[in-house]
Amino acid sequence: MKKYVAECIGTFTLVFIGCGTAMLVGCDPDHGSGYLLTAMAFGLAIIALAYSIGNISGGHVNPAVSLGVFMTGGMSGKDFIGYVIFQIIGATMGSAVLAGIFGLGSVEDKTGGLGANGLAGVNESLGAGFIVEVILTFLFVLLILGVTSKKHNHGSFGGLVIGLTLIGIHIIGIGLTGTSVNPARSLGPAIIAALSGNTAPLSVVWVFLVAPLIGGALAACVHKTLEK
């Protein structure tokens with residue numbers, strides 16, 4: 001249970017810091033400061049979590065990462081299910097807290113939807129958004145599996161490498177899909193946004209659930225092949 005609670009807290013933290021930053025500063029690629037700040041917020045949150053809860057649960061805070069770890073034999077099916085459930089709970093709690101803060105404080109949400117993912121950057125193309133999320137998640141999970149591989153000891157720098165990579169992935173992905181690469185991070189804001197009256201994110205959230213999981217599964221298959 002400690003591992004599940006750690007994943008819940010971790011995913012809460014990721015959404016609260018990452019999506020909260022996006023809500024405050026906006027993610028318009030034509031105005032780079034907010035764009036870069038949001039990318040850095042997600043990456044720095046992952047670095048912090050890697051060194052705080054990484055020794056408890058591995059610091060997945062992402063169902064796509066957990067799927068990759070499960071498929072490469074790094075966790076049991078029971079733990080995979082437990083991780084995903086508590087990751088979603090954490091993301092939803094983080095979004096609910098943000099909705100409360102921004103609502104009670106009358107602070108403008110510059111994303112218009114609690115930092116939820118969307119397809120405006122790819123002209124609302126489901127196909128383009130799907131491909132972007134598969135590729136970005138594939139690259140991210142493949143890196144994580146490589147960095148955390150027991151065959152190649154990267155010492156204490158693993159969390160830093162993962163966090164910096166996530167910053168890079170957000171830099172290219174925010175303007176396209178808002179960068180999900182994490183089904184829990186997408187589902188939490190979409191649910192709370194829908195409860196607040198904005199159903200647009202929930203209508204396309206399936207893209208940000210299915211595509212990252214496919215990307216994570218592909219990364220696991222490639223990693224297993226390359227590690228042989």
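The numbers here are math on the coordinates, done by the rules we state, and not lab data. Given the structure is predicted, the values throughout are model-derived calculations rather than measurements. Heads up, the Cβs are rebuilt from the backbone with ideal geometry, glycines too, and the neighbour counts pull from every protein chain shown.
Estimated from helical segments only, the mean residue ellipticity of the chain at 222 nm is -24500 deg cm²/dmol, where each DSSP H run of four or more residues counts as -39500 (n - 2.57). Judged by the mean number of other Cβ atoms found within 10 Å, the most tightly packed of the peptides 41-50, 123-132, 87-96 leads the ranking 87-96, 41-50, 123-132. Using equal-weight Cα scatterers in the Debye expression, the normalised intensity of the chain in log10 at q = 0.12, 0.13, 0.15, 0.18 Å⁻¹ is -0.57, -0.67, -0.91, -1.34.
Within region 41-71, name every residue whose backbone N is under 16 Å away from a label modeled 7 Å from Cα of Ile85 along the Cβ vector. Once the point is set 7 Å along Cα→Cβ of Ile85, 63 turn out to lie under 16 Å by backbone N, inside region 41-71.
Can you tell me how region 49-112 classifies by the Cα gyration tensor, rounded, prolate or oblate, using a/c under 1.5 as the rounded cut? Prolate. Sequentially through region 176-182, phi angles give Karplus couplings (6.51, -1.76, 1.60; θ = phi - 60°) of 9, 10, x, 6, 9, 6, 7 Hz, Gly and Pro residues having no value and appearing as x. For region 2-227, the number of Lys pairs with C-alpha atoms closer than 15 Å, counting only pairs eight or more positions apart or on separate chains, is 4.
A simple rule links phi to the HN-Hα coupling: the Karplus curve 6.51 cos²θ - 1.76 cosθ + 1.60 with θ = phi - 60°, which for region 53-59 gives 10, x, 7, 9, 10, x, x Hz, with x for Gly and Pro. Residue ranges 191-199, 204-212 sort as 204-212, 191-199 when ordered by packing (mean number of other C-beta atoms within 10 Å per residue, highest first).
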